[in-house]
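Notes to accompany the following structure.
The values are calculated or read from the model by the stated rules, or taken from the named source; none is laboratory data. Everything numeric here is computed off the predicted structure, so don't read it as measured data. Glycine gets a Cβ as well: all are built from the backbone with ideal geometry, and neighbour counts include every protein chain shown.
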Amino acid sequence: MVPDAEFTSYYGRPVIKEPVWEAQDVAAYLFMGGLAGASSVLAASAQLSGYHRLARVAKVGALGAISLSTAALVHDLGRPGRFVNMLRVFKPSSPMSVGSWLLAGYGPVAGAAAVSEVTGILPRAGTAATLGAGLLGPAIATYTAALICDTAVPAWHAAYREMPYVFAGSAASAAGGLGLLATHPADAEPARNLAILGATVELIAKRQLVDRLARTEGQSLAEPYETGTTGAILRLAEFLTAGAVLGRHSRAVSALAGASLLAASAMTRFGIFEAGMASARDPKYTIVPQRRRRG
C-alpha cells in the first residue's frame, strides 16, 4: 500500500498573500470600535432608566473610543484622504464601504451626545443624539466581524458564523467593564448586567467557533486559535472575562472587574487578529481544509 502523501507546498510558500494590516492599528481599530458601539447602547439604556452618571461615562467613553478607532484606521490607511475617498461610493456588498458610512454617520451623533452631556448645551438635541448613537451602536460593534470574515484569510473566513457573536459579546463586556471601572457600584447596575450578558455570549460563541472549526474543517483551522502565543492570549482573555461576575458592592473590586473586562476584550481582538495572520502565512491552513471539503 502506498502511504498517504504528506502536505507540501511550492518551496513552502504561502498560497495566499498575508494582509498588509498592522496589528497595533487594525486590532486597536477592531477593539475601540466595538467598545464605542456598545458604550452608546449602554448610554441610551442608562439615560432612559435614570442612571445619569453611568450615561455620562458611557457617552464620553463612546466618543473617545470611536475617535481612537478612526485614528487607528486612518493611520493604517496611510493618509486621511483615503478614508474620505471610501465615501465617494456606497457598495452594500462591501463591508468596508458599509463600515465607512457607518463610521461617518455614527461619529457625529456620538460626539454630539457627549458634548451635550458634558456642557449641558441643547439637552433635547443631546438626548436625540444619544438615542441615535444607541441605534447605530450594534452595527458599529459588529460590522468589523463581517469585514475580516469577508476575506480569503482561512481562520477568519471559516469562522463567519460565530465571529459576529464573539465581537458583539466582547464589545458588550468591554462597555460594561468601562462602566464598572468609572462609576460607583450603586450607579453601575446596567453596566454590570451588560458585562455579564456580553461575557456569556462571548465565551459560548468563542467555544462554538473553535469546536466547529475542529469538527468541520479538521483540527488545522482550530490550531491558530489554540496554539502558541495567540492561544495563550485568548485563554488569558477567557480567564479575565470571569471578572464580569465580581464587584457587586466593593468599589475596588468593581473597578478591578471592569479593568479585567476591558483588558480581556482587547486581548480577544488582538488574539483573533494574530490567529488570522498566522493562518495566512502557513499554506496548510489554506490547502488542507480545501482537500477535506473536496473529500
**Message:** Show the residue pairs meeting these rules: Cβ distance below 8 Å; 6+ apart or different chains; first residue within segment 210-222 and over 14 Å from residue 161 (Cα atoms) and in a helix (DSSP H, G or I); second residue at pLDDT 85 or above and β-branched (Val, Ile, Thr).
**Reply:** 222/210
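Could you please find all residues in segment 120-153 being of a type in the set (S, T, N, Q) and at pLDDT below 90?
Filtering segment 120-153 down to residues of a type in the set (S, T, N, Q) leaves 127, 130, 142, 144, 151.
The one that is of a type in the set (S, T, N, Q) and at pLDDT below 90: 151.
Matching residues to (1) among the β-branched types (Val, Ile, Thr); (2) part of a helix (DSSP H, G or I); (3) farther than 27 Å from residue 145 by Cβ; (4) modelled with pLDDT under 75:
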| residue | (1), (2), (3), (4) |
| --- | --- |
| 2 | yes, no, yes, yes |
| 15 | yes, no, no, yes |
| 19 | no, no, no, no |
| 26 | yes, yes, no, no |
| 44 | no, yes, no, no |
| 50 | no, no, yes, no |
| 54 | no, yes, no, no |
| 57 | yes, yes, no, no |
**Message:** Can you find a residue that is buried (at least 19 other Cβ atoms within 10 Å of the Cβ), of a type outside the set (A, V, I, L, M) and more than 23 Å from residue 168 (Cα to Cα) anywhere in segment 105-121?
**Reply:** yes
**Message:** Test of understanding: among 58, 23, which residue is among the hydrophobic types (A, V, I, L, M, F, W, C), closer than 27 Å to residue 134 by Cα and in contact with a helix residue (DSSP H, G or I) (Cβ under 8 Å, 6 or more places away or on another chain)?
**Reply:** 58
**Fill in**
Over segment 116-127, the set of residues among the aliphatic types (A, V, I, L, M) and without any contact (Cβ under 8 Å) to a residue 24 or more places away in the chain is 121, 122, 125
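From the list 131, 102, pick out the single residue that is of a type in the set (A, V, I, L, M), in contact (Cβ under 8 Å) with a residue 12 or more places away in the chain and farther than 17 Å from residue 54 by Cα. It would help to see each step written out before you state the result.
On the way: 131 fails: farther than 17 Å from residue 54 by Cα.
Just one listed residue meets the conditions, 102.
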**Request:** Please verify whether segment 106-120 includes one or more residues that are touching a Pro at 6+ places or on another chain (Cβ under 7 Å) and outside any helix (DSSP H, G or I).
**Result:** no
**Residue among 64, 99 that is modelled with pLDDT of 90 or more, under 20 Å from the mean Cα position of the chain (by Cα), within 26 Å of residue 175 (Cβ to Cβ) and part of a helix (DSSP H, G or I)** = 64
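Which count do you get for residues in segment 68-85 that are in a helix (DSSP H, G or I), over 14 Å from residue 22 (Cα atoms) and not small (Gly, Ala, Ser)? I'd like the intermediate steps shown before the answer.
Restricting attention to segment 68-85, the residues satisfying the condition of being in a helix (DSSP H, G or I) are 68-77, 80-85.
Going one step further and asking which of them are over 14 Å from residue 22 (Cα atoms), we end up with 68, 70, 80-85.
Cutting the leftovers down to not small (Gly, Ala, Ser) gives us 68, 70, 80, 82-85.
Going through segment 68-85 one residue at a time, the tally reaches 7.
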**Odd one out for residue 171 among (1) closer than 22 Å to residue 111 by Cα; (2) in contact with a His (Cβ under 8 Å, 6 or more places away or on another chain)** = (2)
**Asked** How many residues does segment 81-99 hold that are of a type in the set (A, V, I, L, M) and touching a residue at least 12 places away in the same chain (Cβ under 8 Å)?
**Response** 4
**Fill in**
The one condition residue 76 fails out of (1) in contact (Cβ under 8 Å) with a residue 40 or more places away in the chain; (2) closer than 30 Å to residue 160 by Cα; (3) over 21 Å from the mean Cα position of the chain (by Cα) is (3)
